[in-house]
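> Handing you a structure now.
What follows draws every value from the coordinates through simple rules; no lab data is involved. All of these numbers come straight from a predicted model, not from anything done at the bench. All Cβ positions, even for glycine, are placed from backbone atoms using ideal geometry, and neighbour counts span all protein chains on display.
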Amino acid sequence: MSQPPVRPNRLIHETSPYLLQHAYNPVDWYPWGEEALEKARRENKPILLSIGYSACHWCHVMERESFSDPEIAAFMNKHFVNIKVDREERPDLDEIYQTAAQLLGAQGGWPLTVFLTPDQKPFYAGTYFPPDDRYGRPGFLRVMQILSRTYREDPGRVAKSADKVTQALRRVDERAADGQAVIAAKEGEALTLQAVEWLAHYFDHENGGFGTQPKFPNPVLLELFLRYAVRSGESTYLEMAVKALKSMAQGGIYDHLGGGFHRYSTDEKWLIPHFEKMLYDNALLPPVYLDAYQLTGEPLFVRVVRETLAYVDREMSHPDGGFYSSQDADSEGEEGKFFVWRPEEVERAVGKELASLFCDAYGVTPAGNFEKGASVLHVAMPLEALAKRHGLSPDEARERLQEARGKLLTAREQRVKPGRDEKVITSWNAMMISAYAKAARILDEPAYAARARRAAAFIESRLVDGERLLRSFKERPAQTPGYLEDYAFWVQALIDLYEVTFERRFLEQAGAWMERTLAAFWDASAPGFYFTPEGHEALIHRPKDWRDQGIPSGTGVSLKNLLRLHPAFDERGYLEKAQEVLEAYRRQLDQNPWATGSLHLAYEALIFGATEVVLVTDSPAGDRLKEFQKVLGRHYLPHSIVHQIQDREAEDPKAPLLWRGKRALNGAVTAYVCRGGSCSPPVTEPGELDRLLARA
């Protein structure tokens, strides 16, 4: 990399770690904003928009190769207005221009490089460009030369192309196009069956997961398989989900020393990851592992959850309770250097005898499986075979491996750590709150509930601005307003906190934030939710947020929130709104299961109903109530709604219908289990509740 200029560019005033990584580039970077857009209009220059994020490996590569190169930077500065965007701060821009890139024939991904007219319309796009022609890709400088010349010499052609793409972009969310399709959308169970059968066609039965490579975890689709397996009795779908979860937990995508998951695997066997760790992956995967644990009792799944949550608490936590965004793939300029091992490094850390056992267990060999003879840790041998090879019992082998992992983690802590993006993003934090809350409930672990509370308090104190959410915090709250995903996951987190703590304030806050979500994002003309709130900056398109991508869609999560909140707020019409949206997206559910997993989960909850549990006490119930909570945690109830009320509330004429008439018998904690409007007789013993839930 060339030496940085003496004077930084405008990005030096930003708080985003990703933007700050480019603050000393010779490129005359602007953050997205009116100053840059006005310059493009005034000088009639095309915009070079570069979108990425701090933990993105190829973003770092392009920064080193191209944006630090004086010749390339000089050309950019002369012929373009250059705008750098952190996709985690501005997912709206990323959503619009990723879709545009795909319409232009590019694959999509990061870094995203899009060329725009001064009025923000895209006319060319790609992802990573090398500085010169290589890897079968055109060189960045050559691409810019061609586009700059075309923009000057044939502006009509550029304008026509940009208008065409922009019109196509606006049609993506239009319902009118659906009515012209000749395929009739299926309904009910047939729709869900078709979706899981289609997804099963792409399942890798040998290695687990979907497709070949690169291979992503796809927790929403695994959750859909678990739901369908239990409801239908089709054990094949449970087996597929368990295969994927075990393969990931034993592969190189999982950090066997520190816990937590890397972003994705570059191969079909889950062996070699891209080493960045994203908060959202480590928030979305533990709940699926917990579901699978409830169904199978597999101890590996509990260990993965505990280790992942411990990693997040240790490595990704703000001192005041929030969670950081990501860790880089690179350290000391090399991808994966922090995480990989060689036999001699293992031996220095744990001694010769223990090193032999560890290297056999986790596939550390002299030849290695990664670059420069290094090895990515993975479970290379079953425990029983490993124990037999080393003359140990399985329990002895397990204990010694645990000892070795502890020593190696200590040794690894002495290495130069990957960079960490210390932005606190509202939606990702809310996902993490839900993961801790679910773990607290299922594993009966109060410390997890306490951790979830701390993170919720961080959001309330730093990211709530009156009656609106802000997107992120880094040293200070960003003034970017929250997006649909921020509101959706925050409502979900509040519901999850209510169900683990039974503190009514969390339920009331969830209802209030659901109302704010509807006020800011609801589209009454074509039922659904916009990506951006009412009053947001005007862009070339206001997209709907209905497609799952790295995280579940804001619409899918909001629909589940509406269904979960409906029994407590039954006068607000939440059930009807959920029905309207799912009807509007019926064709997308039918034709695109890959991108609509979260919508399918909401659809399942709507058509098959929820198991509603009401626990009634006539006074603070203390330990006795906790016994009932332990029973609830043992049962896999994917569409459960749990309420705890006081005896007097059952007689309140303004109380929700679900609560009315449900009394505490003889002062004891009393449970009612309801499905489809019909409730069980009251039970006052945890064992009786256990039997009722088993039948439910």
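> With an 8 Å cut-off on Cα pairs and a minimum separation of 6 or more residues, tell me the relative contact order of segment 294-392 in percent.
Relative contact order of segment 294-392: 17 percent.
> By counting other Cβ atoms within 10 Å of each Cβ, how are Thr480, Thr192, Thr426, Thr212 ranked from fewest to most?
Least crowded to most crowded, the residues run Thr212, Thr480, Thr192, Thr426.
> Search the structure for amide H atoms under 5 Å from the amide H of Gly209, placed 1.01 Å from N in the peptide plane, and list their residues when 5 or more places away or on another chain.
Here the answer is Asp204, Ala244, since their amide H atoms fall under 5 Å of that of Gly209.
> From the square roots a ≥ b ≥ c of the eigenvalues of the alpha-carbon gyration tensor of segment 411-450, which class results: rounded (a/c under 1.5), prolate (a/b over b/c), or oblate?
Cα axes put segment 411-450 in the oblate bin.
> For segment 10-172, build the charge dipole from Cβ charges (+1 Lys, Arg; -1 Asp, Glu) around the Cα centre, then report which of Val85, Val27, Ala159 sits farthest towards its positive end.
Selected residue: Ala159.
> Straight-line reach from Lys577: which lysines fall under 29 Å, measuring Cα to Cα and dropping same-chain residues less than 8 apart?
Lys186, Lys438, Lys544, Lys560, Lys654, Lys662
> Another one. Could you tell me which of rounded, prolate or oblate describes segment 28-76, using a ≥ b ≥ c as the square roots of the eigenvalues of the alpha-carbon gyration tensor, with rounded for a/c under 1.5 and, failing that, prolate when a/b is larger than b/c and oblate otherwise?
Oblate is the answer for segment 28-76, as a/c is 1.5 or above yet b/c matches or exceeds a/b.
> At a threshold of 8 angstrom on Cα-Cα distance, excluding pairs fewer than six apart, so keeping six or more, what relative contact order does the chain reach in percent?
9 percent
> Give the lysines reachable from Lys352 as a straight Cα distance under 23 Å; neighbours fewer than 8 places away on the same chain don't count.
Lys337, Lys372, Lys388, Lys407
> Counting only residues 5 or more places away or on other chains, whose amide H sits under 5 Å from the amide H of Gln644 once H atoms are built in the peptide plane?
Long-range HN contacts for Gln644: Leu615.
> Here's another thing I want to ask about it. Under a Cβ-Cβ limit of 4.7 Å, which cysteines in the chain have nobody to pair with?
Cys359
> Sorting Asp173, Asp545 on the 10 Å Cβ count, fewest up front, what's the list?
Listed from fewest to most nearby Cβ atoms, that is Asp173, Asp545.
> A further question follows. If you restrict to DSSP beta bridges whose two residues both lie in the chain, what percentage is antiparallel, to the nearest 5?
70 percent
> While we're here: With runs of 4+ DSSP H residues as the only contributors, calculate the mean residue ellipticity of the chain at 222 nm using -39,500 (n - 2.57) per run, divided by the residue total and rounded to the nearest 500.
Value at 222 nm, helices only, nearest 500: -15000 deg cm²/dmol.
> Now, a different point. Using a Cα-Cα cut-off of under 23 Å, which lysines could be cross-linked to Lys45, ignoring same-chain neighbours fewer than 8 residues away?
Output for Lys45: Lys78, Lys84, Lys121, Lys160, Lys164.
> Any chance you could get the radius of gyration and Dmax over the Cα atoms of segment 609-696, in Å?
Using the Cα atoms of segment 609-696, the pair Rg, Dmax is 12.0, 34 Å.
> Could you state the number of Å between the C-alpha centres of segment 627-696 and segment 396-450?
34 Å
> Restricting things to alpha carbons, find the Rg to Rh ratio for the chain using the Kirkwood radius for Rh.
0.98
> Separate question: If one computes the Cα centroid of segment 526-556 and of segment 54-121, what distance in Å separates the two points?
First find each Cα centre; the distance between them is then 21 Å.
> Might you report the magnitude of the Cβ-based charge dipole of the chain about its Cα centre, with Lys and Arg at +1 and Asp and Glu at -1, to the nearest 20 debye?
480 debye
> Which is the longest part of the chain that has none of the chymotrypsin sites (Phe, Trp or Tyr not before Pro) sitting in a DSSP loop with at most 15 other Cβ atoms within 10 Å?
It works out to 203-696.
> Search the structure for amide H atoms under 5 Å from the amide H of Asp570, placed 1.01 Å from N in the peptide plane, and list their residues when 5 or more places away or on another chain.
Close amide H contacts, sequence-distant or interchain: Leu657.
> Run the numbers on segment 208-259 and let me know its relative contact order in percent, using alpha-carbon pairs under 8 Å that are six or more apart.
RCO, segment 208-259: 36 percent.
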